[in-house]
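Let me begin by presenting the structure, written as structure tokens, before commenting on it.
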Amino acid sequence: MGFRKTAEQKAAIKTMKAADRALNENSDREFKAGIREETPEYQRLNGAANEAAAKVSWWHGGTRR
């Protein structure tokens with residue numbers, strides 16, 4: 001019973017996965033374009049992914065303990 005996710009937790013996980021996907025897709029595009037440094041877009045997406053992960057428990061793939 002204690003392992004069920006609330007609607008809020010499910011939404012946070014969905015947001016985290018979308019942020020991770022956006023970051024990874026951007027990283028792939030930039031790498032293919034020969035960009036090897038952190039661009040402002042990468043930094044923005046990375047910050048969003050970190051913020052999203054901070055709202056999800058470690059148990060579900062986030063960083064909150």
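The values are calculated or read from the model by the stated rules, or taken from the named source; none is laboratory data. Just so it is clear, the model here is predicted, and its values are computed rather than measured. Cβ atoms come from the backbone with ideal geometry, glycine included; neighbour counts cover every protein chain shown. Calculation scope for accessible area: heavy atoms of the full protein, side chains included, ligands and nucleic acids excluded. Shrake-Rupley method; radii C 1.70, N 1.55, O 1.52, S 1.80 Å.
Odds and ends about this structure:
- Single unsatisfied condition, residue 28 versus (1) open to solvent by 100 Å² or more (accessible area, probe 1.4 Å); (2) at pLDDT 95 or above: (1)
- Annotation note: Cβ proximity below 7 Å between a residue of segment 32-47 that is under 28 Å from residue 62 (Cβ atoms) and free of Cβ contacts under 8 Å to residues at least 24 places away in the same chain and a residue that is open to solvent by less than 80 Å² (accessible area, probe 1.4 Å) and among the polar types (S, T, N, Q) (sequence gap 6+ or interchain) occurs for 41/26; 42/26; 42/27.
- Filter result (outside any helix (DSSP H, G or I) and either open to solvent by less than 50 Å² (accessible area, probe 1.4 Å) or under 11 Å from residue 12 (Cβ atoms) (or both)) within segment 39-65: 39, 55, 56, 57, 61, 62, 64
- Scanning segment 25-60 for residues that are over 25 Å from residue 4 (Cβ atoms) and under 9 Å from the mean Cα position of the chain (by Cα) yields 45, 46, 47, 48, 49, 50.
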